[in-house]
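Here is the structure we will look at.
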Amino acid sequence: MIKKHYYSWQDVEKACVNIALQMYKDAWRPDYIVGITRGGNVPATILSNMLDVRGETLKVSLRDGGGDACETNCWMAEDAFGVVPYEEVESYGARWDPARKNNILIIDDINDTGATFDWIQRDWQASCFPNEETWASVWGHNVRFAVITENLSSDFGNVNYYSYEVNKAEDPIWLVYPWENVGSV
């Protein structure tokens, strides 16, 4: 039987405060927070309220073969780059405007295998600006990733903010967040 760890609502609130403090320490503030449906919605809402910034959602459902249940949101990538609308490019003289760049925090409950965050990076790069060479100027700068729990054995190593860590390769554990521990009707 696999070992389970149950997070309380207080653990989640503490994690969100910790993430906010890490961002303050970095002098980085998101213009909006993107919660990954379902696990990231609750911490995204908590942080959105704490920081008084708007919240958005992004559906990325890769678990249990749900790879077809993902939505691409190129407008978020455009926000990160500071895209100038096509009708303004000629008068503006450029496709990008640094003043229009938005800081985006993408949050989930756990960076388990890394597949969710990896999918977002690959999707935005392939779908939004496939030939753009400056993606490195977005990831980690304008777009940052946060989770309540970081799995140290994850294949995605670019999480910027987290509160708890596990290493599922060394200690297999099932994490149960309070919104998952509600029983059934």
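Bear in mind that the values in this text are calculations on the coordinates, not laboratory data. The shown structure was predicted, so the numbers you read here are calculated from the model rather than taken from an experiment. Quick reminder, even Gly has a Cβ in these numbers, built from the backbone with ideal geometry, and neighbours come from all protein chains shown.
In this structure, the amide hydrogen of ILE110, modeled 1.01 Å from its nitrogen in the peptide plane, lies closer than 5 angstrom to those of ILE148, THR149, counting only residues at least 5 positions away or on a different chain.
If you run the Gaussian network model on the chain, springs between alpha carbon atoms under 10 Å, then out of ALA15, ALA27, ALA169 the most flexible one is ALA27.
This ranking places SER154, SER8 by how few other beta-carbon atoms lie within 10 Å of each, fewest first, which gives SER8, SER154. The residue list TRP179, LEU58, VAL83 was ranked by how far each Cα lies along the charge dipole of the chain toward its positive end, using unit charges on Cβ atoms, and TRP179 comes out on top.
Find how much the distance from ALA99 to ARG29 grows on full extension, using 0.36 nm per residue of separation minus their present alpha carbon separation; answer in nm with one decimal.
23.7 nm
Residues whose amide H comes within less than 5 Å of that of VAL159, counting only those at least five positions distant or on another chain, are absent (H built at 1.01 Å from N in the peptide plane).
Determine the gain in length on full extension of the stretch LYS4-SER91; use 0.36 nm per residue of separation and subtract their C-alpha separation, reporting nm with one decimal.
Details: separation 87, 0.36 × 87 = 31.32 nm, distance 5.85 nm.
Taking LYS4 through SER91 to full extension adds about 25.5 nm, to one decimal.
Computed on the chain, with alpha-carbon pairs under 8 angstrom and 6+ residues apart, the relative contact order is 27 percent.
Let me confirm the definition first: pairs of Lys residues in the chain, 8 or more apart or on different chains, C-alpha distance under 20 Å. How many are there? Each step should come with its number before you reach the end.
On the way: LYS3/LYS168; LYS4/LYS14; LYS4/LYS168; LYS14/LYS25.
Final tally of qualifying lysine pairs is 4.
The 3J(HN,Hα) values that the Karplus relation (6.51, -1.76, 1.60; θ = phi - 60°) gives for the stretch 107-116 are, in residue order, 10, 9, 6, 9, 9, 7, 9, x, 4, 5 Hz. Gly and Pro appear as x.
Just the number: Rg to Rh for the chain, Cα atoms, Kirkwood Rh, two decimals. Provide the component values of the computation, followed by the final result.
On the way: Rg = 17.3 Å, Rh = 17.4 Å.
Ratio value, two decimals: 1.00.
Nearest 20 debye, what's the magnitude of the dipole of the chain about its Cα centre given +1 on Lys and Arg Cβ and -1 on Asp and Glu Cβ? Before the final figure, lay out each step's value.
Numbers: 15 positive and 28 negative charges, 97 e Å.
Result for the chain is approximately 460 debye, rounded to the nearest 20.
Scan the chain and report its longest stretch carrying no GluC sites (Glu not before Pro) that are both in a DSSP loop and have at most 10 other Cβ atoms within 10 Å. Looking at the chain, 1-132 is the longest stretch - no exposed GluC sites (Glu not before Pro) with at most 10 other Cβ atoms within 10 Å.
Using the count of nearby Cβ atoms within 10 Å as a rough guide to exposure, how do TYR161, TYR24 rank from fewest to most? Write down the numbers at each step before the final one.
Values: TYR161 23, TYR24 11.
Neighbour counts put them in this order, fewest first: TYR24, TYR161.
Antiparallel beta bridges, as assigned by DSSP with both residues in the chain, represent about 10 percent of the total such bridges.
In this structure the amide hydrogen of VAL143, modeled in the peptide plane, comes within under 5 Å of the amide hydrogens of ILE104, none closer than 5 places in sequence on its chain. Couplings for the stretch 138-154, taken from phi via the Karplus curve 6.51 cos²θ - 1.76 cosθ + 1.60 with θ = phi - 60°, read 9, 5, x, 10, 7, 10, 10, 10, 9, 9, 5, 10, 9, 8, 5, 9, 5 Hz in order; Gly and Pro are left as x.
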